[in-house]
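Single-structure report; data block below.
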Amino acid sequence: MLIFAKRNPARPFSRLNQYRRPFAWGAASIVFVGALSSFGGTIARADDQGTAGQPVTNANGSAGLEEIVVTARYRAESLQNTPIAITALTGADLAARGITDVTGLTESTPSTTLLKEGSTGGNTLVAYIRGLGQANYALAFQPGVPIYVDGIYQPTAFGSLLTLADVDRVDVLRGPQGTLFGKNSEGGAVSINQVDPKGDDSGYAEVGVGSYNDRRIRAAFDTSLIPNTLFMRVAAANESSDGYVNDFDYACENPTDHGTLKATTDVNCKTGAEGGVDDTYARLAFKLLASDDLTARLEATTTRDRDETVPEVPLIIDPSYPGSDLAAFNSRVAVPLTGVAVNQALVNKNPYSNYATFNNPLSGLQYPNSNPQTIWDITGKVDWQLPDHMTFTSISGYHNQNGSIVEYKNGPIPINMVENNIRYESYSEEDRLSGTSFNDKFDWTAGLYYFHGEGTDQSDVHLVASAVGPFFGINEVLNNPTTDRDASVYLHGVYHFTDKLSLEAGARYSNDRFNYVYEGVNVASVPVNPIKPAGSYSFGVPSIPVEETTSRVDPKVALQYQWTPQFMTYAEYATGFKGAGANPQPINEAEAKPFAAEKLKSYEIGAKSEWLDHRLTVNGDLYYNDVTDLQLVGYAATTLGGTITLNAGEAHISGAELEVQAKPVQDLVFNLSGDYMHFRYVSLGAAAYSPTLNPGGIFMSDTAPYSPEVKANVGVQYTIGIGPLGTLTPRLDDTYTSRIYFDPQNLLASSQGGYSLMNGHVTYAPLNGKWTAALDVNNLTNKLYYLTMFNQLSSFGILTGQPGMPRNVLVSLKYTF
């Protein structure tokens, strides 16, 4: 139940400049890579390239860049020959950059934001690609950028913040992937491919220690149970660390000015910390070579997280903020009961500290400082080689998750305390047949897909103050079951007219049915209200089923032309959608309503080039998205203090992306990526700002949340020979992110200004040794920045933020066998 503040909408823009910059950059990128391809040089062709993830041997016998094979179109293809905007990182890439979970992909991937939601979301992944995504944990919303693990869809944003522990490759696909990947992939998709069992008795063991009492253990072993027939791989990992935001006792730190609040500790006044992690990962995978034509795989993966609450600190506490009820709360509740007012004095001067106690002195309510979560995934896959160059693939998946989210803000006198207990279970089945016809000119895939998921979000919301008042507490208890069913059929093909010209076409029919049942009651009590007598008042929402069905066809058409062996261009049109949902936690029956699916039409042109003996790849693209019925969360204020999600009218998103990989000499590797994105509303509909009807609405000049206009990353690593001692490989990555807004209203106070973040990595490897040592230093310059902010200014006069982790160090040792 949020009511957002509104800022002055005076932000002019030019329609000419809206298109000029992104299209100029994208066009320049394509012209540039085309010009490069005209230079002399032997380029590694597909039949000259090494195996996936291995260096390519050049004409002079030296090793070039690794050749990466992807399966974005359900067949193995070179990344450079695939006409899709993809960032692919191998397991070695992840290790070299110190990336241990999906949020680390943000810095290396253009137009992509993947991060952990604030304290309202616990282990929820905020995921946006090209301005489209989702930033809310509730099961009432569907994820805007889906995560796939070994081909299995992760159904909720809560629980999608995954550890990358035993990974062969991660592909981030940008642009709509609705034809092959289905719903919710309108912005793109993230595909995580874990290591396939090989049966070669290989493995590794890794240990590490670091800042904030960080302890890391990782290990894997691959063996053959039946020679040449049955392989097994076992992997496990655990990482634990202390929190980096400290909680202090307000009464202890303010011994002469704490009213009736009592100190609970006298040991440095510290009561605990936030942001600590305790994550355990385990995987067991089998691979059966039943015959020359039949391969079966079965794997089970589990993660068990016992993290502390997401660290969040108050940034602004202003009782005089326009529309805020905080001044009245202070005069009627906080000061009479405790002698302490909720104001800026409760903002700790240390940006990594607050006065949270997880205990409400007004009611005695207490929550644990914990966000536990357990996830199980079981996957079965069968690949059967049939006659006439056909392959049948069947993938079955089961997903089960349970977790809790504890939200506590504004200590030591909390206005609101919330606990959510979320359970979700799903299974999916995908069967597809692929092959090659017409003398190898036509590559095709046809498939059927079915998904069924159901879950429950049990919420316990305690608000000491509310606009429903005046100032009687709310105890809102919700138990909202959710059911999601998706059935679809798709057909996709690539026809090669010549060795250079190819036409890609496909379509997917989806029937998506989303059901959400409101089962809750709000009970209000009036212990200190001087206007109304003490007592209880019941109100809220009866049991109301809400169902929204979406049936649609998502096509894709693309042309690909291989101008030279070094230079390829493509142009495509595609559509996608994000599934419908329902407004979570309504105050009354009028707010218990669904919202429609979000829909996208996308146009994209791009170029991919590799040259100088595969020592340089340059890929660029520009895109234009037409989005309708945008689902924007938490902007439409009502007279009763709740919020409602509406479908905004239409928006246009245009942008350009560039990725460069270079290995100019044997031991030097350089990478660069960047993007420019321009977001513009065309119409707002019911989401428009109105001082009377919708004071929390948006303006035409607002932009998408979590979507910076500019992002750029530069990385460089160099291997230094140190004689008989081995090699030393330092690496440095620097990422610049322009201003990012954390809510659709683009309030300046609720945004992070542009900043650069630098990470360092050093690896030592002895000659012919089986072990390596590494040093990771993240946030090298100790930059203070915020990953998320939570805006309650116009309701409670409070703005909180999740600070990024300060400089931290990890030293690790890895043995490979």
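The values are calculated or read from the model by the stated rules, or taken from the named source; none is laboratory data. The structure presented is a predicted model; accordingly, all values stated were derived computationally and were not measured. Here Cβ is always computed from backbone atoms with ideal geometry, including for glycine, and neighbour counts include all displayed protein chains. The accessibility values were calculated without ligands, DNA or RNA, using every heavy atom of the protein model including side chains. Shrake-Rupley method; radii C 1.70, N 1.55, O 1.52, S 1.80 Å.
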Calc'd 3J(HN,Hα), region 144-161, phi into Karplus 6.51 cos²θ - 1.76 cosθ + 1.60 (θ = phi - 60°), Hz, glycine/Pro = x, comes to x, 10, x, 10, 10, 10, 6, x, 9, 6, 8, x, 10, 5, 5, x, 8, 7
Per 10 Å bin, what percent of the C-alpha pairs of region 722-817 does each bin hold, from zero upward?
-> 14, 31, 22, 17, 11, 5, 1
For region 232-297 and region 351-408, what is the separation of their C-alpha centers, rounded to whole Å?
-> 14
Per Stokes-Einstein, at 37 °C and 0.692 mPa s, what whole-number D in µm² s⁻¹ belongs to region 124-187, with the Kirkwood radius over Cα pairs as the hydrodynamic radius?
-> 270
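Per-residue counts of other Cβ atoms within 10 Å, averaged by peptide: what ranking do you get for 779-786, 373-380, highest first?
Highest to lowest by the protection proxy: 373-380, 779-786.
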The chain: relative contact order as a whole-number percent, Cα under 8 Å and 6+ apart = 14
Given backbone amide H placed at 1.01 Å from N, residues whose amide H is under 5 Å from that of Leu787, ignoring those fewer than 5 places away on the same chain, are Gln802, Gly804
Please state the relative contact order of region 190-282 as a whole percent: Cα pairs under 8 Å, 6+ residues apart?
-> 25
Length-normalised contact order of region 402-448, Cα under 8 Å, at least 6 apart, in percent, tallies to 27
Label point 7 Å beyond Cα of Val710 along Cβ direction - residues of region 746-767 with amide nitrogen under 11 Å | 754-755
Whole number please: convex hull volume per residue of the Cα set in the chain, in Å³?
-> 152
Of the residues Asn350, Thr569, Ile415, the Cα lying farthest along the dipole of the chain towards its positive end, which is defined by charges on the beta carbon of Lys, Arg, Asp and Glu, belongs to Asn350
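Placing unit charges on C-beta atoms (Lys and Arg positive, Asp and Glu negative, everything else neutral), compute the dipole magnitude of the chain about its Cα centre in debye, rounded to 20.
The dipole magnitude comes to about 1520 debye.
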Search the structure for amide H atoms under 5 Å from the amide H of Leu315, placed 1.01 Å from N in the peptide plane, and list their residues when 5 or more places away or on another chain.
-> Leu799, Thr800, Gly801
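With each run of n ≥ 4 DSSP H residues scored as -39500 (n - 2.57), what mean residue ellipticity at 222 nm is computed for the chain after dividing by its residue count and rounding to the nearest 500 deg cm²/dmol? Don't skip to the answer; put the middle values down first.
On the way: 6 runs with 45 residues, N = 817.
About -1500 deg cm²/dmol.
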Using θ = phi - 60° and the Karplus form 6.51 cos²θ - 1.76 cosθ + 1.60, what ³J(HN,Hα) does each residue of region 428-437 get, whole Hz, x for Gly and Pro?
-> 9, 9, 10, 10, 9, 10, 10, x, 10, 9
Counting only heavy atoms of protein chains, what accessible area per residue, in Å², does region 198-300 have with a probe of 1.4 Å?
-> 51
Residues whose placed amide H lies under 5 Å from that of Leu162, excluding near-sequence neighbours = Val102
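So how do 119-126, 141-148, 771-778 stack up, highest first, on mean other-Cβ count within 10 Å?
Order by mean packing, descending: 119-126, 141-148, 771-778.
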Spacing of the two label points (7 Å from each Cα toward its C-beta) at Gln344 and His652, in nm = 4.3
